[in-house]
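Here is the structure we will look at, set down as structure tokens.
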Amino acid sequence: MVSLYYVHDPMCSWCWAFRPVWQIVKEQLPEHVSVKCLLGGLAPDSLRPMEPELQQHIQKNWRTIQKRVPGTPFNFEFWQVCAPRRSTYPACRAVIAARAQDALREDAMILAIQQAYYLQARNPSDYEVLIACAQSLDLDLKRFASDYNGSDTERQLMHEIRLSQNIGVHGFPSLVLEVDGSFHSVAVDYRDAERMLSRIHHLL
């Protein structure tokens, strides 16, 4: 068995920047390599407003990304119109709830959350924003709410966080290739899919 683990968080700005190249990598992987997405869980649940210093740090990070990965869009109005919280677990649960209802909707939910956050200046730490994302995908909202709040979803999130740590991941996004039970890190390149594909082919 050969698996490529993609460890991410839907509210990780570097994951947003990586998305275009990641789509290319997935499309060009050898057929026998299966992709497994793991939610790394960037920030636990919190109702506390984000400290001004952290808000400034994240905005600076967005600008750094725009320099390193040209063309990555961010809507800085988010910081004026929303009440930011350091809390990404809700968005992670939303991805799991969408996946439980339809595995093919997992990536669509990730994209919907990213677009809400980075383009539409809406806060995916808020449940009503996540419900709106689910509605935009024509998911069954009653089932989504039940799955989102269910103990199975919480257990799955904790499992994926632990698994990502066990395979040596300490930051997002990360790629790890499993070949015959051995795990190999694949350095993320935000602008060149070919470098990652070459590393994968070498490990195979």
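Only the coordinates and a few stated rules stand behind these numbers; no lab work does. Since the structure is predicted, the reported quantities are computational estimates derived from the model, not experimental observations. All Cβ positions, glycine included, derive from the backbone under ideal geometry; neighbour counts span all protein chains shown.
Give me the net charge of Trp62's neighbourhood, meaning all other residues with Cβ under 13 Å from the Cβ of Trp62; Lys, Arg count +1, Asp, Glu -1.
Working: positive: Lys60, Arg63, Lys67, Arg68; negative: Glu77.
With Lys, Arg at +1 and Asp, Glu at -1, the net is +3.
According to the square roots a ≥ b ≥ c of the eigenvalues of the Cα gyration tensor, what is the shape class of region 22-90, taking rounded for a/c under 1.5, prolate for a/b larger than b/c otherwise, and oblate for the remainder? Numbers along the way, then the final one.
On the way: a/c = 3.28, a/b = 1.61, b/c = 2.03.
The shape class here is oblate.
For the chain, the cysteines with no partner cysteine C-beta closer than 4.7 Å are Cys37, Cys82, Cys92, Cys133. In whole angstrom, note down how far apart the Cα centers of region 77-116 and region 189-204 are. That distance is 28 Å. Candidate values (1) 53; (2) 41; (3) 45 were compared with percent of Cα pairs over 23 Å apart computed on the shown model; the agreeing label is (3).
Place a point 7 Å from Cα of Glu77 in the direction of its Cβ. Which residues in region 90-129 have their backbone N less than 11 Å from it? Backbone N within reach: 119-122.
Considering Cα pairs under 8 angstrom that are at least six residues apart, work out the relative contact order of the chain and quote it in whole percent. For the chain, the relative contact order is 31 percent.
Loop-located trypsin sites (Lys or Arg not before Pro) in region 169-204 (DSSP state not H, G, I, E or B) with no more than 14 neighbouring Cβ atoms inside 10 Å: Arg191. Beta bridges from DSSP with both residues in region 2-203: antiparallel share about 65 percent, rounded to the nearest 5. Gain on full extension, evaluated as 0.36 nm per residue between Tyr127 and Val179 minus their Cα-Cα distance, stands at 14.9 nm. Taking Cα atoms only, the orientation of helix 13-28 departs from the longest principal axis of the chain by about 40 degrees.
For the chain, the longest principal axis of the C-alpha atoms and the axis of helix 151-166 are separated by about 50°.
Please rank Lys26, Lys67, fewest neighbouring Cβ atoms within 10 Å first, as an exposure proxy. Provide the component values of the computation, followed by the final result.
Numbers: Lys26 14, Lys67 8.
Ascending Cβ contact count within 10 Å gives the list Lys67, Lys26.
Sequentially through region 119-129, phi angles give Karplus couplings (6.51, -1.76, 1.60; θ = phi - 60°) of 10, 9, 6, 10, 9, x, 6, 9, 4, 5, 5 Hz, Gly and Pro residues having no value and appearing as x. A DSSP coil position with no more than 14 other Cβ atoms inside 10 Å describes the following chymotrypsin sites (Phe, Trp or Tyr not before Pro) in region 1-107: Phe76.
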